[in-house]
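To start, the structure under review is shown below, and the notes come after it.
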Amino acid sequence: MTQPQTLTDAELHARRAHPDYEYATTEGPRKQWDDIDVPPHDEEGEPEPGWERNTDAGRDGWERFDYTEESYWRRPRTTAGAATQATESVEDLATPKALRAALAAHTPQLLDGFDRHWRNDIADTYDLAPVPAFMARWTAAYRLARDPAAEAEVHRLENAAGQETDYGRAKAMIEEAGQIRRRTTLNNSPTSSDAVNNSGERP
């Protein structure tokens, strides 16, 4: 079996996925935001210590969109924060709203696809039947994105399979990628009944 690719610290920060750091995003109006260089605040509105600009994300730590701008931040995890991360439970991802919040906090690169999929297949159709499959797909994508080495290896195998001319070798690569996906997400997806019972609220 091939060994997972090792990502550099800069690549992990660009994905907001370094295991020793936590990440945050602040947002303001496009070209009218005076607080672009102000780090995240706590619930009392006081600046939180330790934040530094995540210069490996976006355009040197910020990004501009049609109507908003975002600043990207990072800071080393505290012992308590690391423990919280390690014990994240299935219940934390049991509803579309909770899953979207987790994506926004930890894997914001997945948000556009998540929102587009929700809008096209569920919100615009007023049909809750696809919710279990939707939750399974995006919980798996979230878990994989939180394991950058596994994610890189899956993408490498899938890309290699797409270029492989030998059917047997291509099939073996796809199967190996599937095994990595399953190992990464095993026992972490919410049940179908949980997803359906709690999906009445738009994420």
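When Thr95, Thr55 are arranged by Cβ crowding within 10 Å, least crowded first, meaning fewest neighbours, the order is Thr55, Thr95. Given their separation in residues at 0.36 nm each and the Cα-Cα distance between them, Gln109 and Arg64 gain 14.7 nm when the chain is fully extended. For Glu48 and Asp124, the FRET efficiency from 1/(1 + (r/R0)^6), where r spans their Cβ atoms and R0 equals 25 Å, is about 0.10. With θ taken as phi - 60° and the Karplus curve 6.51 cos²θ - 1.76 cosθ + 1.60 applied, the whole-hertz 3J(HN,Hα) list for the range 150-162 is 5, 4, 4, 5, 4, 5, 5, 5, 5, 5, 5, 5, x Hz, x standing for glycine and proline.
Since every read-out is calculated from the coordinates, none of them should be taken as a lab result. These numbers come from a predicted model, not from an experiment. Don't worry about glycine lacking a Cβ; one is built from the backbone with ideal geometry, like all the others, and counts go over all protein chains shown.
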